[in-house]
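The values are calculated or read from the model by the stated rules, or taken from the named source; none is laboratory data. Remember, predicted model here, so these are calculated numbers, not experimental data. In this analysis, Cβ positions are derived from the backbone assuming ideal geometry, glycine residues included, and neighbour counts consider all displayed protein chains.
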Amino acid sequence: MENRKIYEDLSLIRKRSQRIFLLVEILLVSLVIYFWKIQILDHDKYWHQSESNRIQEVILPAPRGLITDREGHILADNIASFKASLIRENCKNFDLFSRRISRLLNIEENVLRERIEKYKSLPQFKPIVFKDNLTLEEVSLIEARKLEFPELVLQTEPKRFYPFGSFAAHTIGYLQELSEEEIKSEVHKERKLGDLVGKTGLEKIYDNLLRGEDGHYIEIVDSLGRHRGISARKDPVQGHTLKLTIDSELQKKAEGLLEGKEGAAVVLDAQNGEVLALASYPTFDPNRFINRFTPEEWLDLVNNPEFPLENRAIRGLYAPGSLFKLTLALGSLDLNLITQNTSFFCRGSIRIYGQNFSCWRDQGHGWTNLFNGIRNSCNIYFYNLGKRLGIDEIARYATMLGYGTRTGIDLPGEKEGLVPTPEWKEKVKGISWFPGETISVSIGQGPLLVTPLQVAVHTALIANKGIKVIPHLLKSYQESNTKEEKEVISTPRNATAGIESSAYEKVIKGMWGAVNNEGTARLAKIQGFDVCAKTGSTQVVSSLKAKEESNQENKIKTHSWFTGFAPKINPKVVVTVIVEFGGMGGESAAPLARQLFELYRRKHD
Amino acid sequence: MIDRRLLSNIDWILIALLLWNSALGVIFIYSSSHYLPWNFYLRQIIWIVLSLAVLFMFLMVDYKNFLTYSFHFYIIFISLLAGMLLFGKLIAGTKSWIRFPFFQVQPSELIKIIMILLFAQIFSEYKARYFSWNKLLLSCGAVSLPILFVVLQPDLGTTLTYVPIILGALILAGFSRKSFIFLLIFALILSFGVWNFCLKQYQKQRLITLIFPLKDPLGAGYHILQSKIAIGSGGFLGKGYKKGTQSQLRFLPARHTDFIFSVIGEEFGYAGVIIVFLSYFLLLLRLFRSVDKSRDRAGVYIIFLVAMMIAFQFFVNVMMVVGLFPVIGIPLPFFSYGGSSLLTNYLAVSLVLNVKMRRFVNV
């Protein structure tokens, strides 16, 4: 009680506070009652509403960005397409439905069932696409039976369309539907089941640029399934337009030249690494993959013994053959193991490390210096260089000059090839390196493997006297909403600071001779356009296919290579061609390359 | 600075209730946002730890000092709000945020603490049984500036949370019918002035849809309907943790912030709702009971206004998610994700603890 006197009298305001708290209690109790009403008494009503939530978001798929060649011709476009979907919650009798629909639209019943089964994790009200690319007749068939099949819905969507079919198909790539596992992965966080994504090529690597932003709206449907209204519409944003470095004329020419063969051709801008043409044959029509239902056609392509889906230009692994002599010459010059006057005598064969190694010309080349060694592609000359260099130095220079590593082109799945070393052999095969293998590697045989694109980049490096370019396909892209053009610039870098430019000049001189001085590449000669090149023919030993083929008499067992650039001074263009089982490089690959050089020259004069 | 006697007077039960409520919040923030990439629940835990640290820091200073300088704080924050209006950048349609490298804060939340202190200071000297005109004018003037600035941001939700603070102060001070009428007229004049002279067309439009959601049935009305479906479909025991179809399928708007209570209702059902109500009841009970522990008038005001502020936000939020109140961006204190709101509420409770632990000292 004594306290009362010390502290001031606050009873009045305390009483007011207590009254307010009484109010709080009353309010809380009324809320408890109200929630009882909602959650217990009205539970059934809300539960049904949540089960068949009719207010649903409808996705408006964004059209993918266009892909054009360097002059703006459209290579990948979008067209409108119809797809038919099933809404399971409106389906009363699924057996009856699948039977009648399979007859109506000519789909196999078990395919239809598998399809629906695959998407069973989706909520009941979400449409499941079971057929797309409907023809107009199919659309009218469905429209006419709208009342019979309330569970059937027709939707339109922009569909990818490649107007030139198989044109540059390996480069552009194709789309496929995401699988359920892919949906769950981190990469495709924002994607939905049924979305089409880039599976290979540029469609894959630039998927983020191309894909755009889906729009959506909220659709209100009453309990009878009648459409009641639309709200909160957000329009889709188309993906960015990609402009490629591809020159359609050159690409078309390259594909035309390879037609009926198996092989690849690469045309590079020597200065900046822009890929003007990247062809691989045989090829395929990417339009066929956009359809959601192509299991049979797909399997046909995957299991085709000629591997039409493989992009041979970046994934084909070949022995470089005589092309590797350029690498060897550069290494030997750099280490001062030879000068341009160093000569070796070629009498058609040579015995090294107790083994016989022969030249391609049985009667031999006689006394051969560097210029003639390259010009005539003399094996004996390079066996001697290989012996002087040794496998470790060969491997070092091969790696320095771009073999055994990816070129960094903006395409997925590029192979890195193989530059063998004794350590590699020890590790992979468990046996030690034979000195004789070094001699095989010296002329580009043995376990050495390169891709055509690596060869092209290597050639550009020689043409630029040591400056390496990064090959790339994307020239620029245009922001779809701002129309802002974004240039992609790849800066060439000095990759081989050690090698003097005089060494390159000596090698280039030999390459010039090979074309213009009755050398092995003479069929690539163009009057007034100083082509410098090297041919190669590689024996196919390990490939199973080759063994099969060798049983057939008239099939040649060598791949034919050509790589070169032009003109000699201020080089502008690099052309690399490989024709599988084409025979001698000078005979089958060089004439094809000449036509590409000629076309380039005609376009740029 | 802080002696043993003070420490023993800290109301640990109140702190425990505070943390209990916050922990429940984290559980539901996780459920409603675990499929989003931003780790909201982790951020919330960091905010809780930080706010708790700030809470204890503020306990070291006698609340009397806060009261003495309340007017200075008030001036600082008012200038801050005015500055933000002039120089701020729009984030999510309002200018209510100040950005820092790793987080952003809303001064409009924190100013509530200043307003509580200011009112406690103004009315602590005031011992008459009923309210006087000059006090009314003073308090209305003090509160009208922040209201004006925050309405202009525009952030109607936060503005509304100022109401219980001034209303609470007036109730305690004894609020006659005459002054009530005066207050009403004052509010009308103020809103009339703001409406006609300060707001731009789009701001008016936004306010209209906030107050009358049925004018935009597919916008705000859609959210209310979805939220009601979520709660109603929860039933007695709910659909289970992380199994609410409404929330997991993203029919619900602002699931981890303003509509977190719908997630609770859907996933834990009526039982979950009752648990949250009970937790809140205990917290509010503890706060309102603390009024009796204060030995001075300013302390009573502080505790009562804090209790009013938290109770008001709780009721508005819970009523909002079942459609008994227009959809206005008011978070559920301690439960909703959001650092500024959490920090403000922790600071408010810190003031209550401050008053309680110094009840024997300030004779």
Filter result for B:Leu148 (under 21 Å from B:Ile78 (Cβ atoms), at pLDDT below 75 and surrounded by fewer than 21 Cβ atoms within 10 Å (Cβ to Cβ)): no
Every residue from the stretch A:419-439 that is without any contact (Cβ under 8 Å) to a residue 60 or more places away in the chain and assigned to a helix (DSSP H, G or I): A:Pro422, A:Glu423, A:Trp424, A:Lys425, A:Glu426, A:Lys427, A:Val428, A:Glu437, A:Thr438
Search result, residues across the stretch B:339-362 that are assigned to a loop (DSSP other than H, G, I, E, B) and buried (at least 24 other Cβ atoms within 10 Å of the Cβ): none
Every residue from the stretch A:120-135 that is at pLDDT below 80 and either buried (at least 18 other Cβ atoms within 10 Å of the Cβ) or farther than 24 Å from A:Tyr174 by Cα (or both): A:Lys120, A:Ser121, A:Leu122, A:Pro123, A:Gln124, A:Phe125, A:Lys126, A:Pro127, A:Asp132
Residue ID - farthest from the chain's Cα centre (by Cα), chosen from residues in the stretch A:302-329 that are more than 17 Å from A:Ile380 (Cα to Cα), among the aliphatic types (A, V, I, L, M) and assigned to a helix (DSSP H, G or I): A:Val302
Some residue of the stretch A:316-324 being in contact with a Lys or Arg (Cβ under 6 Å, 6 or more places away or on another chain), in the same structural domain as A:Leu268 (by TED's automatic domain parsing) and surrounded by 23 or more Cβ atoms within 10 Å (Cβ to Cβ): yes
Any hit, the stretch B:267-277, residues being more than 11 Å from every other protein chain (Cβ to nearest Cβ), β-branched (Val, Ile, Thr) and closer than 23 Å to A:Trp36 by Cβ: yes
Residue match in the stretch A:488-496 (condition: at pLDDT 85 or above, farther than 30 Å from A:Asn208 by Cα and in a loop (DSSP other than H, G, I, E, B)): no
Within the stretch B:296-319, tally of residues that are farther than 27 Å from B:Tyr63 by Cα and more than 12 Å from chain A (Cβ to nearest Cβ): 0
Residue pairs meeting the criteria (Cβ under 9 Å; at least 6 apart or on separate chains; first in contact (Cβ under 8 Å) with a residue 40 or more places away in the chain and more than 17 Å from A:Ala460 (Cα to Cα), in the stretch A:505-530; second of a type in the set (Phe, Trp, Tyr) and assigned to a helix (DSSP H, G or I)): A:Gly513/A:Phe371; A:Asn517/A:Phe371; A:Gly519/A:Trp512; A:Ala524/A:Phe597; A:Ile526/A:Phe597
Residue ID - nearest to A:Gly321 (Cα to Cα), chosen from residues in the stretch A:429-445 that are surrounded by 21 or more Cβ atoms within 10 Å (Cβ to Cβ) and small (Gly, Ala, Ser): A:Gly444
Pair list, Cβ under 8 Å, 6 or more apart: the stretch A:131-148 residue touching a residue at least 40 places away in the same chain (Cβ under 8 Å), other residue polar (S, T, N, Q) and surrounded by 11 or more Cβ atoms within 10 Å (Cβ to Cβ): A:Asp132/A:Ser81; A:Asp132/A:Asn291; A:Asn133/A:Ser81; A:Asn133/A:Asn291; A:Leu134/A:Ser81
From the options A:Gly373, A:Gly364, residue that is at pLDDT below 90 and assigned by TED's automatic domain parsing to the domain that holds A:Thr438: A:Gly364
Lone unmet requirement of (1) in contact with a helix residue (DSSP H, G or I) (Cβ under 7 Å, 6 or more places away or on another chain); (2) modelled with pLDDT under 75; (3) more than 21 Å from B:Phe71 (Cβ to Cβ) for B:Thr158: (2)
Residue identified as over 20 Å from A:Leu12 (Cα atoms), modelled with pLDDT under 90, hydrophobic (A, V, I, L, M, F, W, C) and in a helix (DSSP H, G or I) among B:Val276, B:Val263: B:Val263
Index of the failed condition, A:Asp410 passing every other in (1) surrounded by fewer than 23 Cβ atoms within 10 Å (Cβ to Cβ); (2) in contact with a Pro (Cβ under 7 Å, 6 or more places away or on another chain): (2)
Selection count where residues are modelled with pLDDT under 90 and within 7 Å of chain A (Cβ to nearest Cβ), scope the stretch B:279-295: 3
The stretch A:267-283: number of residues that are surrounded by fewer than 24 Cβ atoms within 10 Å (Cβ to Cβ) and of a type in the set (Val, Ile, Thr): 1
Residue count, the stretch A:65-76 (criterion: part of a strand (DSSP E or B) and either surrounded by fewer than 17 Cβ atoms within 10 Å (Cβ to Cβ) or not assigned by TED's automatic domain parsing to the domain that holds A:Glu203 (or both)): 1
Tally, over the stretch A:515-531, of residues that are within 17 Å of A:Val577 (Cα to Cα) and touching a strand residue (DSSP E or B) at 6+ places or on another chain (Cβ under 6 Å): 5
